[in-house]
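Input: a single structure, listed below in structure tokens.
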Amino acid sequence: MKIMFDRDTLDSAVTPITGVTSKNNTIAAIEGIQIKASGGSCVLSGFDMEKGMRVTIDAEIKEEGCYIINASKLSQIVKTMPPGMINIEVESNRITKIFSGKSEFQLQALNGDDFPNLPELEGEVGFTIKRGELTKMIKKSDLAVGINNPRAELNGLHVELSNTGIKMVSCDGTKLAVVEKQRELENTGGQEINSSFTIPAKTLPELVRLLGDSDDPVSIRLGRKHIIFICDNIIFFTRMLEKEFLDYNRFIPASFAINLTIDSESFMRGLGRALLITESVQRGETSSIPRFNFVDDKLKITTVSSAGRVYDEIDIKKQGDDIEIGFNCRYLTDVIRSCDPGGLKLSLNSPLMSMVVESAEIEENDKYLYLILPNRLKG
């Protein structure tokens with residue numbers, strides 16, 4: 001196999017593929033990138049048996065072939081090469097030469113047939129959406145995605161589709177996030193867009209990096225066991241979590257006894273000051289649970305720990321009785337940070353029931369809701 005690539009073109013393909021290859025695996029083939037040169041095109045593939053990527057790029061193919069090259073080493077080599085053209089040549093004994101100008105590396109390649117078979121990258125359900133819109137929804141909803149949760153279905157971001165919009169839901173047992181965008185999705189499949197799926201947590205960072213913040217469209221297809229994302233010449237796919245997601249609606253109260261509004265930036269600054277006392281920066285250990293007293297037109301935040309004491313007041317507008325409640329300061333900070341700037345509506349019923357956080361300004365097309373469990377206060 002003999003191929004000539006533009007260095008920047010090759011780097012733009014190898015870098016994202018390296019993110020989906022396996023690391024320190026006993027199967028050497030899935031630590032590598034399969035390079036297949038045939039029929040006038042070059043296809044690069046990576047697959048760790050859970051998620052994968054296939055990229056088609058321009059190249060000058062002098063001799064066709066199919067081989068596997070270690071992804072990490074190939075990525076590092078390409079980045080250190082001088083600008084211009086890079087040649088990759090694999091001899092019959094699988095000795096691989098990678099050279100540009102007077103710089104040359106030699107590696108041992110694997111036979112391309114040793115690469116695992118990729119899943120079928122087609123699906124009956126398909127739609128398109130702007131990449132930036134999808135990225136924003138993921139970033140607003142992934143704060144409650146479970147990590148190694150005993151309930152397997154919580155270790156992912158749940159997505160619900162309809163002809164009129166898309167909703168993302170995550171829950172880790174202490175927080176719940178629901179982010180919804182009402183808009184007509186362009187149907188690109190053979191079936192109605194009424195479906196749901198759950199994206200594994202470990203897939204989300206790679207997906208966000210791929211999507212970026214542009215207004216360019218991403219085409220999404222649902223296979224039998226995989227979700228496929230198509231961005232120009234890149235196809236990214238991941239196995240979906242197969243367990244049914246929990247019935248999250250039953251955790252959201254239908255009515256509230258206490259409703260109040262607060263400025264999100266003021267709240268964040270107050271939480272930041274409380275974190276200085278509630279957490280030991282050196283050990284990363286939670287020292288105490290702050291008390292949040294919603295009294296008349298003030299939120300009073302107090303906490304005492306071995307590191308010191310903090311007292312703060314923030315203006316609010318409240319309807320209902322006064323209430324004192326405790327929250328994990330870090331969890332509450334994550335929730336408020338994910339909200340849009342401006343007024344927030346906080347809704348409560350009792351010190352032992354979850355608080356709901358949402359925008360104080362009603363948006364018909366873009367909505368979000370966060371639910372956070374309180375901590376029982378002592379004394």
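The values are calculated or read from the model by the stated rules, or taken from the named source; none is laboratory data. From a predicted model like this one, the values you see are computed outputs, not experimental measurements. Quick reminder, even Gly has a Cβ in these numbers, built from the backbone with ideal geometry, and neighbours come from all protein chains shown.
The table below gives the values:
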read-out: Matching residues in the stretch 40-68 - criterion: being of a type in the set (A, V, I, L, M), within 17 Å of GLU89 (Cβ to Cβ) and without any contact (Cβ under 8 Å) to a residue 40 or more places away in the chain; value: LEU44
read-out: Breaking point among (1) at pLDDT 95 or above; (2) exposed (fewer than 13 other Cβ atoms within 10 Å of the Cβ), for ARG309; value: (1)
read-out: Condition met for VAL14 (in the same structural domain as ASN93 (by TED's automatic domain parsing), surrounded by 21 or more Cβ atoms within 10 Å (Cβ to Cβ), under 16 Å from PHE236 (Cα atoms) and of a type in the set (Val, Ile, Thr)); value: yes
read-out: Number of positions in the stretch 235-259 that are farther than 30 Å from VAL20 by Cβ and not in a strand (DSSP E or B); value: 10
read-out: Residue within the stretch 52-68 that is within 29 Å of the chain's Cα centre (by Cα), among the basic types (Lys, Arg) and either at negative phi or modelled with pLDDT of 95 or more (or both) present; value: yes
read-out: ASN149 of a type in the set (S, T, N, Q) and more than 32 Å from the chain's Cα centre (by Cα); value: no
read-out: LEU373 without any contact (Cβ under 8 Å) to a residue 60 or more places away in the chain and surrounded by fewer than 18 Cβ atoms within 10 Å (Cβ to Cβ); value: no
read-out: Where a residue in the stretch 21-36 is surrounded by 13 or more Cβ atoms within 10 Å (Cβ to Cβ) and its partner, wherever it lies, is in a loop (DSSP other than H, G, I, E, B) and β-branched (Val, Ile, Thr), with Cβ under 6 Å and at least six apart; value: GLU31/THR21
read-out: ARG224 vs. criteria assigned by TED's automatic domain parsing to the domain that holds ASN187 and either basic (Lys, Arg) or within 19 Å of MET355 (Cβ to Cβ) (or both); value: yes
read-out: Number of positions in the stretch 103-132 that are of a type outside the set (S, T, N, Q) and farther than 17 Å from ILE35 by Cβ; value: 14
read-out: The stretch 260-279 residues that are outside the structural domain of ILE314 (by TED's automatic domain parsing) and within 10 Å of ILE314 (Cβ to Cβ), paired with ones that are buried (at least 18 other Cβ atoms within 10 Å of the Cβ) and small (Gly, Ala, Ser) (beta carbon under 7 Å, 6 or more apart); value: none
read-out: Subset of the stretch 114-161 [over 17 Å from LYS225 (Cβ atoms), outside any helix (DSSP H, G or I), touching a helix residue (DSSP H, G or I) at 6+ places or on another chain (Cβ under 7 Å) and touching a residue at least 60 places away in the same chain (Cβ under 8 Å)]; value: PHE115
read-out: The stretch 44-102: number of residues that are in contact with a Gly (Cβ under 7 Å, 6 or more places away or on another chain), surrounded by fewer than 17 Cβ atoms within 10 Å (Cβ to Cβ) and among the hydroxyl-bearing types (Ser, Thr, Tyr); value: 0
read-out: Which numbered condition GLU160 misses (of (1) modelled with pLDDT of 95 or more; (2) crowded, with 19+ Cβ neighbours inside 10 Å; (3) over 29 Å from SER75 (Cβ atoms); (4) touching a Lys or Arg at 6+ places or on another chain (Cβ under 8 Å)); value: (2)
read-out: Residue among ILE277, ILE289, ILE323 that is of a type in the set (A, V, I, L, M, F, W, C), modelled with pLDDT of 95 or more and surrounded by 13 or more Cβ atoms within 10 Å (Cβ to Cβ); value: ILE323
